[in-house]
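The values are calculated or read from the model by the stated rules, or taken from the named source; none is laboratory data. Predicted model, so just to flag it, every value in this text is computed and none were measured. A quick note on method: Cβ atoms are made from the backbone with ideal geometry, for glycine too, and the neighbour counts reach across all protein chains shown.
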Amino acid sequence: MPARKRRTTPRQATREKEQAPSIPEMPKTLKFLWGLVLAGLIILLFSSAYLFYYNAQDHCEEAWESQNVKVALNSSEYLSAGDMEEMRVTVVNERSDTTTITVTLGYAGTSLCLAGDNESHVIGFGSLPAQGRATGRLKVQFPLCLNQISFQNWPGQQAKFKVWLAVDKQPPQLLDTVSLRIMPIPKAKTLGNVSWPLLAGLVAWSYKELWEWIKKAEQPAAEAKTKAGK
């Protein structure tokens, strides 16, 4: 004969419900704080991705060639106002003899463009042997002057540099004019370097706090389950 199913009386159902472990509900204040943390994480994530988009791009174009000398310019596609930026110039001497090479970057904007300490926008490569290759670096900075917002090269505008090449004792020859854009957010490079570590720290802290709360919330339920089993 099939076994009869055990019927549960209303009193037994109430007793089992009282003995069943449950996780306490999160307080409203804690919910509000976690809502703020989540909103901060989302804002910080999108801000970091936005800054990364501008900081990760390099300016690349075909090398110029004049008088059997090749010149290539590499820099960030977007310059950050208020931050020191590095520009790199590479030259290749394709002549059959040693040649003195000088490259000059002439800034064509109206706002002040600073050079690095003890540096200028003129890169002298000296005597470069035949088929020799050399790379020079220079630093540029657009000061962030908030009281002079009428500058042409304010964030969102373009900065133009004229590239000049001088070979041996020949007069400098204009190779091209390079246009680089200014980031729409001042100090974008500094903010980008700070945002990702801050995001990682906030994620780690949130995970730790959430895990601690889960363990504290499960502790009463585990104790109730142990008592029920005795």
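General observations
- Output for segment 104-139, where each listed residue is of a type in the set (A, V, I, L, M) and at pLDDT below 90: A108, L112, L114, A115
- Every condition in (1) over 30 Å from W211 (Cβ atoms); (2) touching a helix residue (DSSP H, G or I) at 6+ places or on another chain (Cβ under 8 Å); (3) β-branched (V, I, T) holds for V37 except the one numbered (1).
- Selection over segment 180-217 of residues that are surrounded by 11 or more Cβ atoms within 10 Å (Cβ to Cβ), among the hydroxyl-bearing types (S, T, Y) and without any contact (Cβ under 8 Å) to a residue 60 or more places away in the chain gives a count of 0.
- Residue selected from segment 172-205 under the condition of a type in the set (D, E, K, R) and outside any loop (DSSP other than H, G, I, E, B), by the criterion nearest to E65 (Cα to Cα): D176
- Residues being of a type in the set (A, V, I, L, M) and under 13 Å from F161 (Cβ atoms) - total across segment 66-121: 9
- Among the residues making up segment 56-88, those that are of a type in the set (S, T, N, Q) and touching a strand residue (DSSP E or B) at 6+ places or on another chain (Cβ under 7 Å) are Q57, S66, Q67, N74, S75, S76.
- Test result for T90, more than 17 Å from K187 (Cα to Cα), of a type in the set (V, I, T), surrounded by 18 or more Cβ atoms within 10 Å (Cβ to Cβ) and at pLDDT 90 or above: no
Yes/no per residue for (1) over 15 Å from the mean Cα position of the chain (by Cα); (2) farther than 30 Å from W205 by Cα; (3) surrounded by 14 or more Cβ atoms within 10 Å (Cβ to Cβ); (4) touching a residue at least 60 places away in the same chain (Cβ under 8 Å):
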| site | (1), (2), (3), (4) |
| --- | --- |
| K28 | yes, no, no, no |
| G35 | yes, no, no, no |
| L41 | yes, no, yes, yes |
| Y53 | no, no, no, no |
| C60 | yes, yes, no, no |
| K70 | yes, yes, yes, no |
| S76 | no, yes, yes, yes |
| S96 | yes, yes, no, no |
